[in-house]
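A short reminder: the numbers here are calculations on the coordinates, not readings from a lab. Everything numeric in this text was worked out from a predicted model, so none of it was measured. When we count neighbours, we look across all protein chains shown, and the Cβ atoms used for this are built from the backbone with ideal geometry, even at glycine.
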Amino acid sequence: MRSIGELARASGLTVSALRFYDRSGVLVPALVDPVTGYRWYADDQVLPARLVAGLRRVGMPLAEIAAAVRHRAEPAVVGRLLDAHLRRLENGLTDARRELSRVRALIDHEEHPMTTRLVLSPADLAAAIDAVRFAVGTDPELPVLSGVLFDVAADGVRLVATDRHRMAVARVPGAVDGPARRLLAPVALVDAVRELLGGGTGDGRGLPGGTGDVGVAPGGTGDGVRELSGVDGGADAHLRLDGAGLTVTVAGREVGGAALPDEFPDYQRLLGTRVPAYRITVDVPALRAQVAGRPPARVLRHEGVDVPVTVLGLDDAGGLRVLDDAALADAAPDAVRLGVNGRYLLDALDAGDRGQLLLELDGPIAPLAVRRPDDADAYSILMPIRL
């Protein structure tokens, strides 16, 4: 047996770190003296301790360190954890570089005003708007969430919307001329752009927080560009982002408006950080019929509104099923169960616009991710409801 000091020297962990990992259940001593409270470790705990030390040095989260220790005899499982963390580190470095570029642009803005221009596929931009539009917030006390973030990088733009309870993300590749830039477009402007691209709803879904100064030119009526649904699908969409706002031009038709003045929340920390326990392919029409065709397992009252709770679980074959109240009561205590707002789930399924989608879930307190099998950059996240 090794004392805690001996294991610290053998593993590279400090004594205080070993105590922390004991309390966290990651690296529990083989023996604790009942009289003195001294911790003693077996020789076969040296390797797990070194594993913990290495993962700690590269900043892996505690939950994933614990998973790596538990599954250290399964190289494929640990490999997936390492790959996911490496992607997170790479994404973090990319985000840091982009943020520093924005800081430089802010410093130089008054002296050297800059405009960023993009050339995108109209179909791709329309699909991206459709993929995120349902998640735009409607709370008048949170106007910063009443728009869609256009987050421009060197190779395209990412669209993001959230109302705190769900978030939707989509990416459009394209040619970019100018610095990286973020612009928060009011939903009225986003809807006008969608109609300009063709096939829009034309329902005038303006939400609180919009600026109301959407413009149309030439020949536009100023009422949501309903007459533009026949725009030539072969024409590129040209976007111009500057300090004033966003302008989109397609086939000689133009829509523009001012940006919202608020700073959009940091959505990056929710992206690419999860290694889901279950990744399940679902048939969208069948799942939608299950969710819409049966009473919710629970109805909760939240801020004066009834919230239908859809509970997802696994069947005997490992597929996804919707649990009703009886099935929920009969489920084993350790069964996989996840509650989400049923209306939000239907919105996410409709926005996916696919016959099949991938649902990623971990358990009752982790978000549900809804992904497209053919597009890793388009997905939504639904926050769980505690059952």
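Okay, here's what the table says:
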item	result
Highest to lowest packing among 305-311, 315-321, 181-187, 236-242, scored as the average C-beta count within 10 Å	181-187, 236-242, 305-311, 315-321
Ordering of 147-157, 54-64 by packing [mean C-beta count within 10 Å, highest first]	147-157, 54-64
Burial ranking of peptide ranges 375-385, 338-348, 288-298, 132-142 (average Cβ count within 10 Å, highest at the top)	338-348, 375-385, 132-142, 288-298
Residue-averaged [θ]222 nm for the chain, counting only DSSP H segments that reach four residues, each worth -39500 (n - 2.57)	-9500 deg cm²/dmol
The chain: mean projected area of Cα convex hull, nm²	24.5
Within the stretch 112-150, backbone nitrogen closer than 14 Å to the virtual label 7 Å beyond the Cα of R87 toward Cβ	none
Principal axis dimensions, the stretch 34-137 - Cα atoms, whole angstrom, descending	69, 36, 28
Under the Karplus curve 6.51 cos²θ - 1.76 cosθ + 1.60, θ = phi - 60°, whole-Hz ³J(HN,Hα) for the stretch 193-198, x wherever Gly or Pro sits	5, 4, 5, 4, 6, x
√(5λ) per eigenvalue of the Cα gyration tensor, the stretch 283-387, largest first, Å	21, 16, 13
